[in-house]
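Quick one: the structure is below, questions incoming.
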Amino acid sequence: RIKLEAPVEVQPEVAEAPKKEESVKVTQLNESIMDMVYFVDEMESTIGDLFQLDLKNQLAMLEKIQVKLKTQVEDYEKAKVLLDDCKKEAGSELDVEDQHIQELGSKYDSIGFRLEDLIESAKLDYKKEKFYKIKLSLADSRDWYKQHANETSKEELEARLAEMEQLSEDIKEVQEVCEAETEWKRDFVQFEESWTDMKGAIERLVQEKSGAIQDMKEFD
């Protein structure tokens, strides 16, 4: 008797389910996330390099970054709306994108707070630097006065006064800081007294020389 073998069961080929194409909105969302990641990296790098600039340019750059951050936060809010729209699409799984958006929000907050602190610090340091330069200017005027008071001309004295007047706005700016900073207050009061005395001494010399010139004219 011939033994018949059981027929081999042929498994039907299962066609691979076509990969779901990413929707236009999801593509836009991921592009937006990449742009924001790039922005965060760029900002962190720029802030890290600020120490190479002088205080004036540091402050200008920090304020420029702050403006850019505000614009970027608006784009971030748009990305959040786009994320919600994508979630409403049937079958959209966006756990990764959701996590990226949350992380970016935290980084934007962190950069924003850091910028505020750095700007306040830079403003204070910049005014401290101004105060230092003004005190150097006062010291220079004193030295000049000691060496040239008796032999200088009326025109030279007036030029020196004009140079001192040019610093009036800087002195007012520094005074505002000093009034709020206890450790500076006494220092500024001493500086202001010396500055006023120096200007007064030069002004008296101008008047004396003006009088001497007038006397000479009358004598002639």
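Going by amide H atoms built from the backbone, whose H comes under 5 Å of the H on L94, apart from near neighbours?
Under 5 Å from the amide H of L94 lies no amide H from a residue far enough along the sequence or on another chain.
What is the distance, in nm, between label points placed 7 Å from the Cα along the Cα-to-Cβ direction at E179 and at S110?
So the two model labels end up 3.9 nm from each other.
Shifting gears a bit: How high is the FRET efficiency from E165 to E192, r the C-beta distance, R0 22 Å, rounded to 0.05?
Efficiency at R0 = 22 Å is approximately 0.90.
Oh, and also: Please report the carbon-and-sulfur percent of the accessible area for the stretch 80-147; probe 1.4 Å, protein heavy atoms only, DNA, RNA and ligands left out.
Carbon and sulfur: 47 percent of the exposed surface of the stretch 80-147.
Ok, one more. Multiply the residue separation of F51 and E63 by 0.36 nm, subtract the distance between their alpha-carbon atoms, and state the gained length in nm to one decimal. Before the final figure, lay out each step's value.
Values: separation 12, 0.36 × 12 = 4.32 nm, distance 1.49 nm.
That works out to 2.8 nm of additional length.
Might you tell me the accessible area per residue for the stretch 104-211, computed with a 1.4 Å probe and given in Å²? Mind dumping the intermediate values first?
Working: 6810 Å² over 108 residues.
Heavy-atom SASA per residue in the stretch 104-211 reads 63 Å².
While we're here: Restricting to lysines 8 or more places apart or on different chains, can you count the pairs in the stretch 58-139 with Cα atoms under 15 Å from each other?
The result is 8.
Please give the contour-minus-distance gain from E77 to D98: 0.36 nm per residue of separation, less the Cα-Cα distance, rounded to one decimal in nm.
Numbers: separation 21, 0.36 × 21 = 7.56 nm, distance 1.30 nm.
Result for the pair: 6.3 nm of gain on full extension.
Applying 1/(1 + (r/R0)^6) with R0 = 45 Å to the Cβ-Cβ distance of D143 and E42, what FRET efficiency is obtained, to the nearest 0.05? All intermediate terms of the calculation are to be shown ahead of the outcome.
On the way: r = 48 Å, r/R0 = 1.07.
Calculated transfer efficiency: 0.40.
Let me ask something else about it. Take E103, E173, E193, E93 and sort them by solvent-accessible surface of the protein heavy atoms, 1.4 Å probe, largest at the top.
Numbers: E103 85, E173 55, E193 110, E93 160 Å².
Descending accessible area places them as E93, E193, E103, E173.
The values are calculated or read from the model by the stated rules, or taken from the named source; none is laboratory data. This structure is a prediction, so every number in the text was calculated from the model and none was measured. Cβ: placed from backbone, ideal geometry, glycine included. Neighbour counts: every protein chain shown. Surface accessibility is based on the protein's heavy atoms, side chains included, excluding ligands, DNA and RNA. Shrake-Rupley method; radii C 1.70, N 1.55, O 1.52, S 1.80 Å.
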